[in-house]
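Comments concern the structure below.
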Amino acid sequence: MLTFSVSGYFMKAVPTILFLLITNLTFCQDKINSGVFDSKGDTSFWYKNQTEFATEISLPLLQNSTTEEFYRFWIINQVIDVWKCANGSFSGSITSWAKESVRENEIRTSKIFVKSAKISQDTSKLIRDLYINSRMLDLPTYHSINGWHQGLDGFTYIIENTTTKNYNFKTYWTPEAQENLPEAKKLIEFINTLKKQSNSKSIWNSFANIIPFDCYFYGDMNIICKILTLVPRKESLKEKKNNR
């Protein structure tokens, strides 16, 4: 009779498991990180904020990725991911989200509505080539660009990319407000082309039609509210009360 010892198999597997863990940890430690820390040497606010949010909406963290090429573009309430597959082809996805905002005198919530859509291989390759050919990797993050200032409203764009050896994290607050800086013009052109290639506007419009919130945050500080008649307004308040 053949028998199988789970404990014996596990003991034999332990050295292999430990080796893989140590190898992976060593690999992560060897990866060169850029943009993770701000000009003062502290962990970047945007890096910390975006890492937490990526986890919240179930996106993989690029700094831990072992993929040969992975690109992530945070645009307004959407994030575009493009990565190289093992067979050399490219795949991608676009994720849209909405954080609930409440009206005056309502209880604040932390609800997020998220929906992802696949991007075709051809489009994924186009986006990857756009990034490379636009030389966006050479564009420094905002605090390294002379004259690039921050503001309280507007939109912050974030670009991440990783290889097996390097991870880059860059943020750019409202390039349209940067007084004709050549770097801002370059970024605006890239973002506009990226949106067209990814069909982000059409995807967002379809997503916006099914957002279940009366009000939601759009961009860094902006809030969009639906216009509700009296009956739908009462139904919405009743539903919120039941959910909480």
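The values are calculated or read from the model by the stated rules, or taken from the named source; none is laboratory data. These numbers come from a predicted model, not from an experiment. Counting neighbours? That spans all protein chains shown, and the Cβs are built from the backbone with ideal geometry, glycine included. Note: areas computed on protein heavy atoms with side chains; ligands, DNA, RNA excluded. Shrake-Rupley method; radii C 1.70, N 1.55, O 1.52, S 1.80 Å.
Miscellaneous remarks
- Residue check for LYS165: out of contact with any strand residue (DSSP E or B) (no Cβ under 8 Å at 6 or more places or on another chain) and open to solvent by 80 Å² or more (accessible area, probe 1.4 Å): no
- Annotation: PHE90 fulfils all but one of (1) more than 15 Å from THR193 (Cα to Cα); (2) within 15 Å of the chain's Cα centre (by Cα); (3) surrounded by 19 or more Cβ atoms within 10 Å (Cβ to Cβ); the unmet one is (2).
- Candidates ARG103, ARG135, filtered to the one that is of a type in the set (D, E, K, R) and either over 22 Å from VAL79 (Cα atoms) or open to solvent by less than 60 Å² (accessible area, probe 1.4 Å) (or both): ARG103
- Enumeration of residues in the stretch 101-130 that are within 25 Å of GLN50 (Cβ to Cβ), out of contact with any Cys (no Cβ under 7 Å at 6 or more places or on another chain) and modelled with pLDDT under 95: ARG108, THR109, SER110, LYS111
- Considering (1) assigned to a loop (DSSP other than H, G, I, E, B); (2) modelled with pLDDT of 95 or more, the lone condition that LYS186 does not fulfil carries the number (1).
- When the residues of the stretch 175-232 are filtered to those that are among the polar types (S, T, N, Q) and open to solvent by less than 30 Å² (accessible area, probe 1.4 Å), the one that is farthest from TYR131 (Cα to Cα) is GLN178.
- Answer from ILE32, ILE75 - the residue that is open to solvent by 60 Å² or more (accessible area, probe 1.4 Å) and either at pLDDT below 95 or over 17 Å from LYS118 (Cβ atoms) (or both): ILE32
- Strands (runs of 3 or more DSSP E) fully within the stretch 31-86 counting 3 or more residues that are among the aromatic types (Phe, Trp, Tyr): 70-75
- The numbered conditions (1) among the small types (Gly, Ala, Ser); (2) assigned to a strand (DSSP E or B); (3) more than 19 Å from THR156 (Cα to Cα) are all true for SER96 except (3).
- Single unsatisfied condition, GLY151 versus (1) open to solvent by less than 40 Å² (accessible area, probe 1.4 Å); (2) not in a loop (DSSP other than H, G, I, E, B): (2)
- The set of residues in the stretch 35-72 that are surrounded by 18 or more Cβ atoms within 10 Å (Cβ to Cβ), among the polar types (S, T, N, Q) and within 11 Å of the chain's Cα centre (by Cα) comprises GLN50, THR51.
Residue by residue, here is whether (1) out of contact with any helix residue (DSSP H, G or I) (no Cβ under 7 Å at 6 or more places or on another chain); (2) in contact (Cβ under 8 Å) with a residue 12 or more places away in the chain holds:
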{"position": "ARG72", "(1), (2)": "no, yes"}
{"position": "CYS85", "(1), (2)": "yes, no"}
{"position": "SER116", "(1), (2)": "yes, yes"}
{"position": "ASP122", "(1), (2)": "yes, no"}
{"position": "LYS125", "(1), (2)": "yes, yes"}
{"position": "TRP173", "(1), (2)": "no, yes"}
